[in-house]
Every structure is written in structure tokens, then in C-alpha cells.
Amino acid sequence: MSAVVLGVGMVPFTTPRLSAPYDELAEGAVRAALTDAGIGLADVQQVYASYVYGDSTCGQRALYRVGAVGMPVINVNNNCSSGSSALFLARQAVESGAADCVLAFGFEQMQRGALRSRWDDRPDPLGRFADVAEQAQGAHDGVPVAAQYFGGAGQAYADRYGTRRETFAQISVKSRNHARHNPFAVFRQPVTVEEVLGSGEVFGPLTRLQCCPPSCGAAAVVVASPEVASRYRPGAPQVSIRAQAMTTDTDVSFDATDLTRLVGYDMTARAAKAVYTASGVDPGDVPVVELHDCFSANELISYEALGLTPEGTAEQFVMDGENTYGGRVVTNPSGGLLSKGHPLGATGLAQCSELVWQLRGHAGARQVDGARLALQHNIGLGGAAVVTLYERAG
């Protein structure tokens, strides 16, 4: 049985200073997705709630603002890929026949400043990652850890292929150009390459405007069987999940001679290959992608991991404009994590929402003409990578 995305919804992402509490954010997204699907909460048989920072059962707290109707609620934490992990579980539940209408929603009420662990009295889940990064490039006190990982990966790529700093910066310029048409995005003001490069060095090729900000928000998705989708949205084009794969790290991720592997290149490549094999779709046939651009360096690296351009050609891909409107594939029409924002538990479901709007033809000024296939890529260090291929039927 295939799984159909019956409804999607999200609330505008914002900065921690301006954010409502997480349960209010989640309520808004869930209500929007249920309305879009044309159902009530009582029609949902299972729920997966994704978030990273929060106590246990935050998902129930948020859902009870919409209603307490007794179905199973499972809380999911897979770092930055939590939202897509919840979607993965929802899709499995529908495809297996365990349920025919499932809600996945994600949210994050983040604090200002760089990501950090909240628990210093127990083993750090990213301890092995930290050891590999320090072995490769030394210790750098005062630099956010995630920036060290992804900046180091960007520098490793640049050292290998001679990539210019302007190329990394151009990705942020493209991101802002896309976000200016997205009412859900945090940062919608266009920037220039010069402004990006002059925004303050962070690590490796990264400057401040090449790093996603801490942000708050929520998104939700209803996944259903084709029969349920036809009942609640009769005659409407169905957007189905044609293929999906989740991978985790293997020992190759911890190769100190190649930090691109540490930040998920191989996880992504394996998941993408599985999706292309299962679907029979070539990456060259995909016109629109939402990929995990937590840093500009990771967007550049991910072009190749996802097979959007051959290995070693990402710089030419960027400078030729093949990653935007008028090029080969529009990447992050939403503005991506760099501009839309990255509330960790919501990100994967916000990516799904954007791509469903694209395939329905409801993306407004962001619309990619004629899109019938769409690819999503979401990673979390620690680690998990989820790649999802969507298809519009009819």
C-alpha cells in the first residue's frame, strides 16, 4: 500500500526572542494540517511528535491543545532529522496497514545562541564525532561545535577541489532570494556575496550569514492510505511518497582524513541511492529539492551526495545557476534552513510541506513550473539521514 500526504501545515518560523511557547506553535501547525486534509483529530489513528529540546511527552502536551482523543502518541528525537524520522514512521505505519491515517508533527522552542548539549553528567552522543574533528583539525575553543564540523567539511572539500569562498557565499545569496517569496521564512531580505563574505568569519569558509540561525516553529503532516485520501479529498491530485530511505553512520563516517563523511555525506549518498533504486527515478529527473542546508558548506556537499551533480563539480553547478530557477534543479525554494530557519524538530516536516505545495502547484511566487517529482533530504548528526521522493499523481 502506498502512502499519500493528505494534509500539510506550518506556522511562520521566528527567532527565539519573538517565539510563542512550543505547544502554541505546534497547535497552529497541527490545526493547519488537519484543515488542509479535511479531517478532524478523531480521524487520526496514530501520532508521531518530533522535537529535540524538551522534556518527555512534550508531544502529548502540544496535541492536547487540539484535543485528547486517546490514540497512541510517540515522541521522536533524532537530532536535526527528527521531523523526517517522524514522517518515516508515519509512512511505515500506513504502508504496513497498521493504520490508514497518521499525524506527524514537529516543533522546537529554541534558545538563543549556538547548539549545545544540555547534559554534562553523562556520555555525549557526539563524543566520537568530536574526537574525529579534533584529530583532523585541532581544538577550537569558542567556536560553535556544529560550525567546526560543517566548516571543517567545507574546508576539506575546498582543499580537494579548489572551491572559492565566493561559491559558498553564493549559496546563501540564492537562499535569501528564494526566501523573499516565503511568508513562513525568518530571513527574507536579499543579500549580496560581498555582504555574506563580510558578515564575520566563523570557521573554515563559513561566515555568519552562511550558518542557519536558532529558530522556533512547528510543522505538521497527515499521511494516509490512497482510499482515505480519496474519501477526504475527492478529485484532488494526490501527492504520494514514492520512495523513502533512512540510514545511519557506518565506520566510514569516522574517517579523520575526510570530514565530509563526518557530517553525513555517506549516509546521504546511501539513502539517496536506495531511493533512486526503489523508485527507478534518476536524480536528473527531479526538478525541485529541499535539502539540509544547515550551513552553506553542507548544501554544496549535498549536491554531490544526492547525485544532483557529479563529484567535484558542485562549484560549477552553483556558479552556472543550475541550483535555482532557470537552472537544472531548484534547490530549497523555501529559502532552506539558512533563511527559512531551522527549528530542529520541525525542519523535516516543513520541508515536506514545501514540496507538497510545489507538487500541488500551490507555491505561489516560489512555484517550480510543472513539478511532478520532488526530493527531500534531512540529516541529524549522531546520526540519521532521511531521503524522501514525492510524486504527484493525476
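Any residue at all in the range 22-30 that is within 21 Å of Lys340 (Cβ to Cβ), open to solvent by 20 Å² or more (accessible area, probe 1.4 Å) and touching a Cys at 6+ places or on another chain (Cβ under 9 Å)? First the steps, then the outcome.
In the first step, residues of the range 22-30 are kept if they are within 21 Å of Lys340 (Cβ to Cβ); the result is 22, 24-30.
Next, only the ones that are open to solvent by 20 Å² or more (accessible area, probe 1.4 Å) stay: 22, 24, 27-28.
Now narrow it down to the ones that are touching a Cys at 6+ places or on another chain (Cβ under 9 Å): 22.
So far as the range 22-30 goes, yes, one or more of its residues are within 21 Å of Lys340 (Cβ to Cβ), open to solvent by 20 Å² or more (accessible area, probe 1.4 Å) and touching a Cys at 6+ places or on another chain (Cβ under 9 Å).
Inclusion of Gln92 among residues that are open to solvent by 70 Å² or more (accessible area, probe 1.4 Å), modelled with pLDDT of 95 or more and not hydroxyl-bearing (Ser, Thr, Tyr) is warranted. Of all residues in the range 359-378, those satisfying the criterion of being crowded, with 24+ Cβ neighbours inside 10 Å and either of a type in the set (Ser, Thr, Tyr) or closer than 23 Å to Leu25 by Cβ (or both) are Gln376, Asn378.
Here are Ser172, Ser199: which of them is touching a strand residue (DSSP E or B) at 6+ places or on another chain (Cβ under 6 Å), closer than 30 Å to Leu126 by Cα and not hydrophobic (A, V, I, L, M, F, W, C)? Give the steps one after another, and end with the answer.
Working: Ser172 fails: touching a strand residue (DSSP E or B) at 6+ places or on another chain (Cβ under 6 Å).
Only one candidate qualifies: Ser199.
Checking the structure you have, find out if any residue of the range 238-249 is out of contact with any His (no Cβ under 8 Å at 6 or more places or on another chain), at pLDDT below 95 and of a type outside the set (Lys, Arg). Yes, the range 238-249 contains a residue that is out of contact with any His (no Cβ under 8 Å at 6 or more places or on another chain), at pLDDT below 95 and of a type outside the set (Lys, Arg).
Taking the options Ala256, Ala153, name whichever one is modelled with pLDDT under 95 and open to solvent by less than 30 Å² (accessible area, probe 1.4 Å).
Values: Ala153 fails: modelled with pLDDT under 95.
That would be Ala256, the only listed residue that is modelled with pLDDT under 95 and open to solvent by less than 30 Å² (accessible area, probe 1.4 Å).
Yes/no matrix, rows are residues, columns are (1) of a type in the set (S, T, N, Q); (2) touching a residue at least 24 places away in the same chain (Cβ under 8 Å); (3) touching a helix residue (DSSP H, G or I) at 6+ places or on another chain (Cβ under 9 Å):
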| site | (1), (2), (3) |
| --- | --- |
| Ile39 | no, yes, yes |
| Tyr48 | no, yes, yes |
| Val52 | no, yes, yes |
| Val69 | no, yes, yes |
| Val76 | no, yes, yes |
| Asn79 | yes, yes, yes |
| Met110 | no, yes, yes |
| Arg122 | no, no, no |
| Val132 | no, yes, yes |
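Inspection of the range 65-87 identifies no residue that is part of a helix (DSSP H, G or I), under 26 Å from Arg118 (Cβ atoms) and open to solvent by 10 Å² or more (accessible area, probe 1.4 Å). When the range 1-19 is filtered for residues that are open to solvent by 30 Å² or more (accessible area, probe 1.4 Å) and aliphatic (A, V, I, L, M), the ones remaining, listed by number, are Met1, Leu18. Of all the residues in the range 285-307, those that are in contact with a Phe, Trp or Tyr (Cβ under 8 Å, 6 or more places away or on another chain), open to solvent by 10 Å² or more (accessible area, probe 1.4 Å) and either within 25 Å of His362 (Cα to Cα) or among the aromatic types (Phe, Trp, Tyr) (or both) number 1.
The values are calculated or read from the model by the stated rules, or taken from the named source; none is laboratory data. Everything numeric here is computed off the predicted structure, so don't read it as measured data. As a convention, Cβ positions derive from the backbone with ideal geometry for all residues, glycine included, and neighbour counts pool all protein chains shown. SASA here: full protein model, heavy atoms, side chains in, ligands and nucleic acids out. Shrake-Rupley method; radii C 1.70, N 1.55, O 1.52, S 1.80 Å.
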